[in-house]
Amino acid sequence: MPSWAERNPKDFWNAADQYERANGSVYREIVVALPREFDPEQRRELVADFIAQEIGEGHAYQWAIHNPKGALDGGEQPHAHIMYNERIQDGIERDPAHYFKRANKKDPEKGGCVKASGGKSPAELKAELAITRERWANVQNKHLEKYGHVDRVTHLSLKGQGIKRQPERHLGARRVKRMATTEISALLERRVAEGRLERENKMVDLIDLSGDIAKAKNDKVQLEKVVMAGKNDILVMFEQYKKEEQRKAQELKIQKERIEIERLKAEQEKVFQANLERERAVEKSLREKPQELEMVYRPRNRTGPGMRR
């Protein structure tokens with residue numbers, strides 16, 4: 001950070017929001033997934049090593065590690081957010097307003113810091129991103145080896161690795177919440193099966209060709225047959241697993257429907273009994289209430305002086 005933001009990095013980002021050009025970017029962000037195998041300190045060491053390699057002291061930056069629970073398997077999902085400003089610090093002391101001005105190549109002290117992406121085409125920036133991904137994979141593999149882990153990562157796509165498999169679409173936490181338990185179980189099982197198959201395919205590629213080439217090729221063919229047979233077994237087991245999960249889901253659905261029907265019947269019976277009790281109470285009240293006598297007024301006929309019958 002520049003000297004005026006060393007104590008409070010927030011001052012730098014506030015100044016960037018205030019003084020950076022309207023069409024300029026305030027920051028760039030790199031988001032990297034971290035190995036579950038690492039403990040928190042090893043993850044911090046990995047991120048710090050990558051930042052030292054990629055950013056160094058040339059840019060103002062901040063970073064943080066997050067570790068939410070995975071939406072599918074509930075396991076750790078560690079990842080790092082690295083936020084940095086593209087302006088390159090050249091050792092010239094500038095105040096905030098001066099720092100974010102347009103660079104002056106002829107007289108750097110009169111202008112702001114140069115931007116790393118200045119004058120680069122989209123194709124050049126895309127190529128730089130691919131190189132950054134490769135360097136991140138290399139740093140990560142170095143740390144995996146350092147701490148005795150046999151697994152390795154790659155920046156290459158499935159196609160680039162020669163793996164004939166469609167990549168998964170990103171689901172997101174909201175979509176996972178809407179998925180049935182059987183769908184989640186089937187997806188995780190498929191991942192395990194695909195990972196096992198890819199590891200077996202790598203074993204095929206490691207056949208030693210330094211001796212009898214004909215025999216080695218034959219061994220490779222035989223091993224490929226074993227792998228394919230194993231692949232078929234895995235697919236059969238996977239299909240059986242899916243059918244069993246579907247059967248369980250159907251049974252669970254029927255059970256829930258039965259419970260719902262019984263619940264509705266109980267509610268209807270409860271309403272019926274309540275109405276019946278109400279009717280009985282009314283009848284009882286009518287029986288116990290004394291009958292009111294209807295009084296009929298009938299005037300008498302009178303006879304007397306001045307009156308006629």
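All of the numbers you see were taken from the coordinates with simple rules; none came from a lab. This is a predicted model, so every value here is computed, not measured. Note: ideal-geometry Cβ built from the backbone for every residue, glycine included; neighbour counts use all protein chains shown.
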- Message: Being hydrophobic (A, V, I, L, M, F, W, C) and in a loop (DSSP other than H, G, I, E, B) is the filter here; which residues of the range 80-134 pass it?
- Response: I88, I92, F100, A103, C113, V114, A116
- Query: How many residues are within 25 Å of the chain's Cα centre (by Cα) and either closer than 16 Å to E29 by Cα or among the acidic types (D, E) (or both) when one looks only at the range 136-154?
  - Reply: 2
- Item | Pick from the range 12-59, criterion acidic (D, E) and touching a residue at least 60 places away in the same chain (Cβ under 8 Å), ranking: farthest from E86 (Cα to Cα) | E37
- Query: Which residues, taken from the range 91-116, are surrounded by 15 or more Cβ atoms within 10 Å (Cβ to Cβ) and touching a residue at least 60 places away in the same chain (Cβ under 8 Å)?
  - Reply: R94, P96, Y99, F100, K101, K115
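Is there a residue in the range 31-46 that is among the charged types (D, E, K, R), touching a strand residue (DSSP E or B) at 6+ places or on another chain (Cβ under 9 Å) and in a helix (DSSP H, G or I)? Quick ask: steps written out before the conclusion?
Taking the range 31-46 and keeping what is among the charged types (D, E, K, R), we get 36-37, 39, 41, 43-45.
If we keep only those that are touching a strand residue (DSSP E or B) at 6+ places or on another chain (Cβ under 9 Å) as well, we get 36, 43-44.
Among the residues that remain, those that are also in a helix (DSSP H, G or I) are: 43-44.
Looking through the range 31-46, at least one residue is among the charged types (D, E, K, R), touching a strand residue (DSSP E or B) at 6+ places or on another chain (Cβ under 9 Å) and in a helix (DSSP H, G or I).
For the range 3-15, indicate whether the set of residues that are touching a Leu at 6+ places or on another chain (Cβ under 8 Å), of a type in the set (G, A, S) and either farther than 25 Å from L129 by Cα or surrounded by fewer than 17 Cβ atoms within 10 Å (Cβ to Cβ) (or both) is non-empty. Even if it seems obvious, please write down each step before you answer.
Of the residues in the range 3-15, the ones touching a Leu at 6+ places or on another chain (Cβ under 8 Å) are none.
Looking for residues that are touching a Leu at 6+ places or on another chain (Cβ under 8 Å), of a type in the set (G, A, S) and either farther than 25 Å from L129 by Cα or surrounded by fewer than 17 Cβ atoms within 10 Å (Cβ to Cβ) (or both), one finds none in the range 3-15, hence no.
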